[in-house]
Each structure stands twice: as C-alpha cells, then as structure tokens.
Amino acid sequence: MLLKKQNNHPFLIAGPCSAETEEQVLETARRLADAGVDLFRAGVWKPRTRPGAFEGNGATALPWLRQVKQETGLRITIEVANGNQVYEALKHGIDVLWVGARSTVNPFSVQEIADALRGVDVPVLVKNPVNPDLDLWVGAIERIRNAGVTQIGAIHRGFSAYAKSKFRNAPYWEIPIELRRRMPDLPLICDNSHICGNREDLLEVAQQAFDLNYDGLMTEVHPTPDDAWSDAKQQITPFVYREMLQRLVVRRETTDNPEFLEHIENLRHKIDEIDMELLNLLARRMRVAEDIGRYKLRNNISILQSTRWNEILEKGYQQGRLRGLNNEFIEKYLTAVHQESIAHQQEVMQQETTAQRPE
Ligand code: PEP
Ligand code: MN
C-alpha cells in the first residue's frame with residue numbers, strides 16, 4: 001500500500017477516535033466509503049491520560065472492523081501499544097498498524113512492537129512522541145525499520161506543551177520539516193484532529209500541512225461527535241469531513257513550467273543575497289560584542305546585565321511589530337543572537353584574563 005500522495009490525491013485516513021459499538025463503527029464507515037478515504041481508523045485500545053475514562057473495547061472490537069472491511073472495502077488501521085496487540089490485530093486482518101504518541105516516547109514499547117512485527121511486513125505509521133524530541137521519533141522509525149518493515153509513514157499529531165495555546169498539541173512545524181529533511185522519502189501525514197483538539201481549526205491546520213507538501217491527513221470522524229466516548233470536542237461528522245476535503249487545496253511540489261522556474265530562481269537568488277547580508281551583519285555584531293567584552297574586562301564589569309537584555313527584547317518586539325515580525329520569532333531570533341554574543345564576550349574575556357594572569 002502506497003502511503004504517499006499520488007497524482008495530487010492525498011492519502012486520507014479517517015474514522016472515529018474509538019470503536020465504541022458495532023453500529024457506530026459501521027455507520028461511520030458506510031458514510032465515509034465514497035468520500036475518497038484510503039484507510040479507516042478506529043481506536044480499539046485507548047491510551048487515556050487519567051484512569052476511569054473509556055479505555056476501548058479491546059479485541060472485542062476487532063471483528064467489527066473486519067465487518068467494515070467486508071462491507072465497504074475500506075482498509076483498516078488501529079493503534080497498537082504492545083506485542084500482544086500486534087498479534088491480535090494481525091490475527092484479525094488489520095491492514096495497517098499505528099504506534100501512538102505515548103508509545104513512541106518509550107523505546108522499550110517501540111522495541112516490543114518492532115519485535116512482534118519481525119517477519120510480518122505490514123505497513124506501520126509512527127506518530128510523533130508527545131514531547132518535542134525529533135530523535136525519539138526517528139529512533140522509533142528506525143526500530144520498526146530494523147524489524148524488516150518496508151512500508152513506514154510518520155504521523156504528525158503535535159506535541160504536549162504546558163503553556164496554554166489554541167492548540168491541544170502544539171504543532172512545532174519545524175520538527176516534521178526537519179524529519180522530512182532527514183528522511184525525504186518517508187510519507188508524512190498530518191493528524192489535524194489531535195493537533196487542534198477542536199473542530200474549528202481542522203481545515204486551517206490541514207491546509208498548512210498541504211502547503212508544506214505533506215502526503216496525507218488523519219482525521220477523527222464520528223456520526224454524532226457530541227456523543228463520542230472519547231475526544232468528543234474534536235470529532236466531526238462525515239458530512240463536515242467531506243466539506244473540509246472540498247475546501248482543501250492540495251498543492252504540487254514543483255512544476256516544469258519554465259516561466260515559473262525562472263521566476264522562482266530570481267526570487268531565490270534575492271533570498272540568498274539577503275542571507276549573505278544578514279550573515280555579514282551578524283559577524284559585525286559579534287565583533288562589536290567582543291569589543292564590549294574587552295572593555296568590560298578592563299573595567300571589571302560582568303557580561304550579563306539583565307536590564308540591558310530586557311531593553312533589547314522590548315525594543316525588538318516593538319520594532320519587529322512595526323515591520324510585521326511577530327513576538328515569538330523576535331524572541332527566538334534575539335535569544336539566539338544574544339547567546340552567541342555572550343559566548344563571544346566570554347571567549348575574549350577568558351583569553352585576556354589567561355594572558356594577564358601571572359605565570
Ligand atoms: C488517537 O489517534 O486516537 C490517539 C490516541 O492519538 P495520539 O497517540 O496521537 O494521542
Ligand atoms: Mn483521539
């Protein structure tokens with residue numbers, strides 16, 4: 001099964017958060033069967049943050065999913081979190097397995113799943129770990145690959161953050177972008193439901209993913225979302241799901257249109273020139289920081305002065321805003337530049353202090 005975008009048709013995974021009853025699963029599948037969905041999802045073993053919530057029907061739900069497949073022809077994917085679940089899923093003809101965010105963080109769990117998969121080449125999708133750690137994500141993919149699985153995809157479902165934001169799980173797009181740089185052929189799928197945690201932002205997040213050339217989408221769909229036994233707030237009806245798909249613009253990665261290529265080349269040239277200018281300016285800034293370091297040393301003054309740092313930040317926010325640059329970016333940029341300036345100052349101070357020290 002190709003988990004990739006094909007001829008501009010994204011790879012679509014949809015279905016309820018949890019398989020609640022046979023009727024609910026079948027009704028969702030019937031209503032999704034002609035929506036262009038490639039894979040029907042349903043959670044059978046549910047990892048819940050707090051005890052006492054609905055933890056899934058377990059193996060009881062597996063024959064219902066077989067029924068979905070027989071009746072609608074849709075292929076099926078479920079989450080597996082240990083070796084026994086892999087065994088049960090395969091016994092019931094599940095087509096694709098996925099490793100959930102709470103398992104990807106744990107190399108013991110991933111290895112157990114990988115060991116259970118040895119010798120069975122079933123496609124596996126690996127969700128990002130709950131914490132923003134790219135190496136854990138890559139490591140989980142490698143463990144599954146080392147078990148001999150040849151069809152692997154990555155699912156971006158966002159990352160836990162303590163800070164309140166409009167997202168349930170912060171997307172931190174730079175992490176999947178870096179994953180793509182490291183593993184360019186790996187199919188990349190966006191789970192917009194778990195990133196958003198609500199219904200309102202699903203289209204916007206899906207569009208952002210396709211603007212970044214993702215291969216597909218995983219979305220939670222339920223016939224009566226308000227009554228769902230898990231993740232009620234983020235699930236949508238099959239009707240709303242179709243509407244979302246109709247409004248999505250799927251873009252191509254590139255084209256061979258010569259006019260486009262020439263224009264893009266010119267714009268990229270401009271970007272390269274600006275990047276060079278920025279590097280020259282940054283280098284100049286560091287030289288000035290070194291002068292400051294020497295001057296402070298001569299006057300026995302410490303490097304870090306928090307009032308000065310606050311002043312730089314405040315001014316940056318203010319001036320950045322006037323230029324259409326948001327606070328978050330300004331903070332990241334100035335923090336990086338400031339840290340590097342401190343490092344340069346430290347270096348000159350150390351060199352000169354060592355040189356002045358009596359033998
Ligand atoms: C899910 O897909 O229902 C799920 C539990 O996802 P995650 O592992 O991303 O939290
Ligand atoms: Mn869910």
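Is the C-alpha gyration tensor of segment 46-128 telling us rounded, prolate or oblate? Criteria: a/c under 1.5 is rounded; beyond that, a/b larger than b/c is prolate, otherwise oblate. In terms of gyration-tensor shape, oblate. Sorted on the mean count of surrounding Cβ atoms within 10 Å across their residues, most packed first, peptides 325-332, 137-144 read 137-144, 325-332.
Put simply, the C-alpha atoms of the chain give a gyration tensor, and the ellipsoid matching it has half-axes of 47, 24, 20 Å, longest first. In terms of packing, defined here as the mean over residues of other Cβ atoms within 10 angstrom, the peptides 271-278, 223-230 line up highest first as 223-230, 271-278. Each Lys and Arg adds +1 at its Cβ and each Asp and Glu adds -1 at its Cβ; summed about the Cα centre, segment 258-356 shows a dipole of about 600 debye.
For segment 272-337, the square roots of the Cα gyration tensor eigenvalues, ordered a ≥ b ≥ c, give a/c of at least 1.5 with a/b no greater than b/c, which places it in the oblate category. Projecting the Cα positions of N213, S193, S160 onto the charge dipole of segment 155-247 (unit charges on Cβ atoms of Lys, Arg, Asp and Glu, taken about the Cα centre) puts S160 furthest along the positive direction.
Quick one: P(r) of segment 1-87 from all Cα-Cα pairs, 5 Å bins, percents rounded to integers, in order of increasing distance. Calculated over all Cα pairs of segment 1-87, the distribution is 3, 14, 24, 23, 17, 12, 6, 2, 0 percent. Since only Y333, Q356, M286 are under comparison, the one whose Cα sits farthest along the positive direction of the charge dipole of the chain, derived from C-beta charges on Lys, Arg, Asp and Glu, is Q356. Each peptide in 24-36, 345-357 receives the mean, over its residues, of other Cβ atoms within 10 Å, and ordering these scores from highest gives 24-36, 345-357.
Using only alpha carbons, segment 97-153 has a radius of gyration to Kirkwood radius ratio (Rg to Rh) of 0.93. With 27 Å as the limit, the listed pairs K46/K164; K5/K332; K233/K332; K270/K332; K4/K233 have K5/K332; K233/K332; K4/K233 beyond it between alpha carbons.
A Cβ-based charge dipole, computed about the Cα centre of segment 175-328 with Lys and Arg at +1 and Asp and Glu at -1, lands at about 1100 debye. With coordinates expressed along the principal axes, the C-alpha atoms belonging to segment 244-359 extend over 73, 30, 24 Å, beginning with the largest. In the chain, helices alone account for a calculated mean residue ellipticity at 222 nm of -16000 deg cm²/dmol, with every DSSP H run of four or more residues adding -39,500 (n - 2.57).
Of the residues V288, V337, V249, V205, the one with the fewest other Cβ atoms within 10 Å heads the list, and the complete ranking is V249, V288, V337, V205.
Computed about its Cα centre, the charge dipole of the chain is approximately 580 debye, with only Lys, Arg, Asp and Glu carrying charge at their Cβ.
Think of the chain as having a plus end and a minus end, set by charges on the Cβ of Lys, Arg, Asp and Glu; of Y87, L179, Q319, Q319 sits farthest toward the positive end of this dipole.
Only the coordinates and a few stated rules stand behind these numbers; no lab work does. Computed from a predicted model, the values in this text were never measured in an experiment. A quick note on method: Cβ atoms are made from the backbone with ideal geometry, for glycine too, and the neighbour counts reach across all protein chains shown.
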